[in-house]
Structures are given as structure tokens and as C-alpha cells.
Amino acid sequence: MIDLYYWPTPCGWKVTMMLEEVGLAYRIIPINLRKGEHRTDAFAVINPNQKMPALVDHDTGTTIFESGAILMYLAETTGKLLPATGPRRYEVLSWLMWQMAALGPTNAQTKHFRDFSPGNSTYATERFIAETQRLYRVMDDQLEARPYLAGDFSIADIACWPFILPYERQFEPLDDFPALAAWADRMLRRPAIRRGLDIGSEFRIGGPLDAHVKTLLAS
Ligand SMILES: N[C@@H](CCC(=O)N[C@@H](CS)C(=O)NCC(=O)O)C(=O)O
């Protein structure tokens, strides 16, 4: 049995979407970030970095943190959404690492400086919004000639999509990124992606992102 330590945020959705796509059974263990449940000693044993998500596969005795590593594990366990060898494997992994190193952290910094930093954070806010726009341009260019980031649907798409989804909060309407917008819609039409996005909706508190997700799921 797989236990997923989870809260409904982009990093958490990556894993529920993947589990739904590959059809593995799993149990959700809520880690309430608002109550600081990720900062407990018990959770540090599972993830020494004390961030959500983390996954424990009791059947194989495997504990994993970092959502990119979790996606690789689930892909390799099921033989789905990541080629086992060859150039296409590394194309998928390039985009996965790009998400982990660039798109995800930039998204987090934009949100932090725009919404949470005290005082004048104009320089930092502008810097991270500009970098977000650059990263969106990279994806848009890549998606002009292919339906998914590495050609076929893969863990790279699952990794990146949750960071495009809250675009309204990033001040990033997708009007200038037509290929990215079309891909975002294509992803939302996948039933497993919708199921993954809906996992834990009962934990939400009704903020702007929650409202945005609700609207998407109703579309
Ligand atoms: N690189 C990590 C990022 C994990 C992460 O930052 N998780 C956030 C939620 S999206 C978290 O646990 N935040 C709580 C905190 O920082 O206090 C991954 O992809 O798993």
C-alpha cells in the first residue's frame, strides 16, 4: 500500500494526478500546512526537509521526498509515462528537472515576494514575474510543434501543469502564450488529471486559488 503525505497545493497535485493516471491504489495522509504539521519530528523521519509531499510504499519499503523523485518512482514502478531507456527518456527528464529547478521555485518566489514579503519588494517581485514570463515563453515555444512537452504525454507534463494552473494569481494571463494555453486545456480534459486536482478539496478553505480550481473543475 502507498501512503501519500499530502495537502492540495501544486506540489501535492503532481503526485495525486500521477497516481490517478497510472491507476495505483493509495491512501492520503493529510499534512495540514496551515497547522504546521510538516514541522513535526514524526514527519521529519519521512522527509528530513519537512516539506509536503512525501510517499511511503510499504510493499517495497521505499520512502521518497521531492515530488520529482516521487514521479520517477511511480513511472518506473508501473512502466508508464517515462521511457525506460533512450533519448526520449532524457527528454522527459530534462523537462522534469527544469520544472523542479526553475518553474516550481520561481513560482514560489513570485508568490512570496508579491503576497507575503513585508516592505518594498518591488525589485524582487518584478524580477520573479519577469522570470515567470520567460519560463512561460520557453514552454510556449516548445509546445508550438508538439502536443506535450516531450512529445508524448509524460511525467514532465504532470510536473509542470499545476504551476501553470494558478496563472491568474501569477499575474500571467495566457493570452500571449497560445500554445501553452492550448496545452493547459488539453491537460484539464484528462479525467485522471481532474480527479487528481480534486483530491483533498475538502481540506481547502476557500481562498482565491481554491475558487479558481473549483471553476476549472466545473468547466
Ligand atoms: N521541491 C519540493 C518542494 C516542496 C514544497 O515546497 N512544498 C510546499 C507546498 S507546495 C510546502 O511543504 N510548504 C510548506 C512550508 O514551506 O512551510 C517538491 O517538489 O517536493
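The values are calculated or read from the model by the stated rules, or taken from the named source; none is laboratory data. Remember, it's a predicted structure, so these values are computed and weren't measured experimentally. Every residue, glycine as well, gets a Cβ built from its backbone with ideal geometry; the counts of neighbours run over all protein chains shown. Just so you know, the surface numbers come from the protein's heavy atoms only, side chains and all, with ligands and any DNA or RNA stripped out. Shrake-Rupley method; radii C 1.70, N 1.55, O 1.52, S 1.80 Å.
Label sites at GLU76 and ASN32, each approximated as a point 7 angstrom past Cα along Cα to Cβ, lie 3.6 nm apart. Here the spin labels are modelled as points 7 Å beyond Cα on the Cα-Cβ line, and at LEU216 and LEU188 they lie 0.8 nm apart. When peptides 39-45, 211-217 are sorted by average Cβ neighbour count within 10 Å, with the highest value leading, the order is 211-217, 39-45. Computed with a 1.4 Å probe over protein heavy atoms only, the accessible surface of the range 1-137 comes to 50 Å² per residue. Working from label points 7 Å from Cα in the Cα-to-Cβ sense, the SER121 to ASP176 distance is 2.2 nm.
Normalised by the number of residues in the range 31-105, what is the relative contact order in percent for Cα pairs under 8 Å and 6+ residues apart? Please list the in-between numbers first.
Numbers: 51 pairs, mean separation 11.5, N = 75.
Taking the mean separation of contacting Cα pairs over the length of the range 31-105, I get 15 percent.
Evaluated on the range 1-121, the Kirkwood hydrodynamic radius is 15.6 Å, with distances taken between all distinct Cα atoms.
Once you compute Rg and the Kirkwood Rh from C-alpha atoms, what is the Rg to Rh ratio for the chain?
0.95
Add +1 for every Lys or Arg and -1 for every Asp or Glu among the other residues with Cβ under 14 Å from the Cβ of ASN32, and state the total.
Numbers: positive: ARG34, LYS35, ARG39, LYS51, ARG204; negative: GLU37, GLU202.
Spelling it out: positives minus negatives among the neighbours equals +3.
With N as its number of residues, the range 109-192 has a Cα radius of gyration that, divided by 2.2 N^0.38 Å, comes to 1.19.
Considering only MET72, VAL138, PRO83, and ranking their Cα positions along the charge dipole of the range 53-162 that arises from unit charges at the beta-carbon of Lys, Arg, Asp and Glu, the one farthest toward the positive end is VAL138.
Summing Lys and Arg as +1 and Asp and Glu as -1 over all other residues whose Cβ lies under 14 Å from the Cβ of THR78 gives a net charge of -4. Across the chain, C-alpha contacts under 8 Å between residues 6 or more apart give a mean separation that, scaled by the residue count, equals a relative contact order of 25 percent.
May I ask for the net charge around ASP198, where only other residues with Cβ less than 11 Å from the Cβ of ASP198 are counted and Lys, Arg are +1 while Asp, Glu are -1? Don't skip to the answer; put the middle values down first.
Working: positive: ARG194, ARG195, ARG204, LYS214; negative: GLU20, GLU202.
The answer is +2.
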